Amino acid sequence: MKQTLSSRQKNFIESAVMAGALRFGEFRLKNGRISPYFFNTGFFNRGDLIFVIGKAFAQHIIDNYNDKFDLFFGPAYKGIPLVVSTSIAYSIDYGINKGWIFNRKETKEHGDKGLLVGAEVYSGDRILMLDDVFTTGDTKIESIRLIQSVAEVNFTGVVIAMDRQEVNDEGENAIKSFEDKTGIRVSSIITASETFDWLRNRKINGKVYVTDETYNEFQKYKELYGIK
């Protein structure tokens, strides 16, 4: 059964496919799993494409967080273009201006010294982290600690582009485990299941990317690694 998706979600999925950010086949992931698909926001690498993802993030945030945050934070490197494009879309679409920040991989010792680039961060600020996907959550916990070493901030939430809906190496729901540890809610623009359901046997620019065979491979993968 097809999921009920917003027009922005549908546009996001189709743009991801056409940009090559969402691919189907056989991919070895960093954790060693062989996945029938791969999602990489780095392929939203033109102005029109990155604006699509920025607008999708902005709509999701306005619908789910009710403007209860002060700054966007994007962990290096994938999060950097996400926070910039989202802040632009947030301003254009909703008339609300929010600052953005991202971290350096190494502390800069000259000029604008420090770990963070972008807006000033003050104690009490509410931070919304944006990223592409969620794996174990370890890097996100590192990012939280990093910013909290600069100022006593609070994290309103973590928003990811796609939720792969997978368990971690211990067989736990990776996102739920992170939420339980940190008290920080994680939400996504789209889930893997919604994506496959929407694309199944659907032509995008005259081509079907998710055939019944591709869809069945995804279902097998979910049986092995999907959350229950």
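FYI, it's all coordinate maths here, none of it is from the lab. These numbers were taken from a predicted model, which means no experiment stands behind them. Positions of Cβ are generated from backbone atoms using ideal geometry, with glycine treated the same way; all protein chains shown enter the neighbour counts.
Listing for the model above:
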quantity	calculated
Computed P(r) (all Cα pairs; the chain; 10 Å bins; percent)	7, 32, 36, 19, 5, 0
Helix-only [θ]222 nm of the chain, DSSP H runs n ≥ 4, -39500 (n - 2.57) each, per residue, nearest 500	-12500 deg cm²/dmol
Calculated Rg and Dmax of the stretch 159-228 using C-alpha coordinates, Å	14.3, 45
Mean Cβ count within 10 Å, highest first, over the residues of peptides 50-58, 21-29	50-58, 21-29
Compactness of the stretch 1-128 - radius of gyration and Dmax, Cα, Å	16.7, 56
Antiparallel DSSP beta bridges within the stretch 7-221, as percent of all bridges there, nearest 5	40 percent
Relative contact order %, the chain, counting alpha carbon pairs below 8 Å whose residues are six or more apart	18 percent
Nearest-ten-degree value, helix 47-64 long axis tilted from longest Cα axis of the chain	80 degrees
Acute angle (nearest 10 degrees) that the helix 212-225 long axis makes with the longest principal axis of the chain, alpha-carbon atoms	50 degrees
